Amino acid sequence: MTRATEETLAARTSPNIDHQDLRLEEERESVSVRAFKPGFVQDIDVDGLLGVLPPGSIGRLDVRAGSYVWIDKILATVWLDPSHAGNLGDELSREVASSFAIGDIRTIDQDPIYGLQQLVDIGLRALSPGINDPATAADVTHHLARLTLAAYRAEPTRRVFVGEHAQVFAPHRPGAREMLDHGLKAIFRDSTDHVSVLSAMLADVEDLVALLNESDLDASDLEQFARSVRSRLESIDDPVE
């Protein structure tokens, strides 16, 4: 599970350009592409989407892998080049929509948050009063720290995919802060008095801070989180309290 989620994170570094280069220089006709059935967005074929868009078009993904959509939910918005205005008919709309794989179950293929949540569920069950297995919860923190590091190293500062004739903007891809919030911080919130879990978490987070600083990556969120973990540990160890 950890390796699969890491691979999903690494895949986010696909060739792209800075979203600041994306400009609509003039008013364009826009078309909303809608879901043809309900379910989880399991996969988005960006290359396929780029291949079917008319030349000069700019597409925006309005959902991301892992989202649950209903029939007629907007999946993407397409701005057409003025010379191709009106060319996004029903057939082409279906081709664009077919770039979104929608199914009854959520998958990990393009959805790192889902892999993260599965690990968190294991950790939270281990911390529950009925199980009380802090050793397993501490092991989970190591896996979450590994994924957190991968997320920071793969932070998608660029979110525009460029094809031969079109571009696709992906504004909703999960970032490192979201991975931290849904992962380590979720375990932290339920680790009120588990010294062994908090100690393992603090050691991991401090290691991550050091590694990110060595790579000149922004570790400020992790530094703040480390202070919170340390403060909680100190409050547990304080005999006065």
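If you go through the stretch 28-44 and keep only what is polar (S, T, N, Q) and either out of contact with any Phe, Trp or Tyr (no Cβ under 7 Å at 6 or more places or on another chain) or not in a strand (DSSP E or B) (or both), you end up with Ser32, Gln42.
Do we find a residue being surrounded by fewer than 18 Cβ atoms within 10 Å (Cβ to Cβ), of a type in the set (Lys, Arg) and assigned to a helix (DSSP H, G or I) anywhere in the stretch 45-67? No, the stretch 45-67 contains no residue that is surrounded by fewer than 18 Cβ atoms within 10 Å (Cβ to Cβ), of a type in the set (Lys, Arg) and assigned to a helix (DSSP H, G or I). Restricting Leu116, Leu75 to residues that are among the hydrophobic types (A, V, I, L, M, F, W, C), in the same structural domain as Ser191 (by TED's automatic domain parsing) and surrounded by 20 or more Cβ atoms within 10 Å (Cβ to Cβ) narrows the list to Leu116.
Run down Asp72, Asp18, Asp104 and say which single residue is under 26 Å from Met179 (Cα atoms), modelled with pLDDT of 90 or more and acidic (Asp, Glu). Write out each step before concluding.
Values: Asp72 fails: under 26 Å from Met179 (Cα atoms); Asp18 fails: modelled with pLDDT of 90 or more.
Just a single option satisfies the conditions, and that option is Asp104.
The test for being buried (at least 19 other Cβ atoms within 10 Å of the Cβ), within 22 Å of the chain's Cα centre (by Cα) and either in contact (Cβ under 8 Å) with a residue 40 or more places away in the chain or under 30 Å from Ser57 (Cα atoms) (or both) holds for Ala219.
When the residues of the stretch 119-164 are filtered to those that are closer than 29 Å to Ile44 by Cβ and acidic (Asp, Glu), the one that is surrounded by the fewest Cβ atoms within 10 Å (Cβ to Cβ) is Glu164.
The values are calculated or read from the model by the stated rules, or taken from the named source; none is laboratory data. As the structure is a computational prediction, the values presented were derived from the model and not from experiment. Note that we place each Cβ from the backbone using ideal geometry, even for glycine, and neighbour counts take in every protein chain shown.
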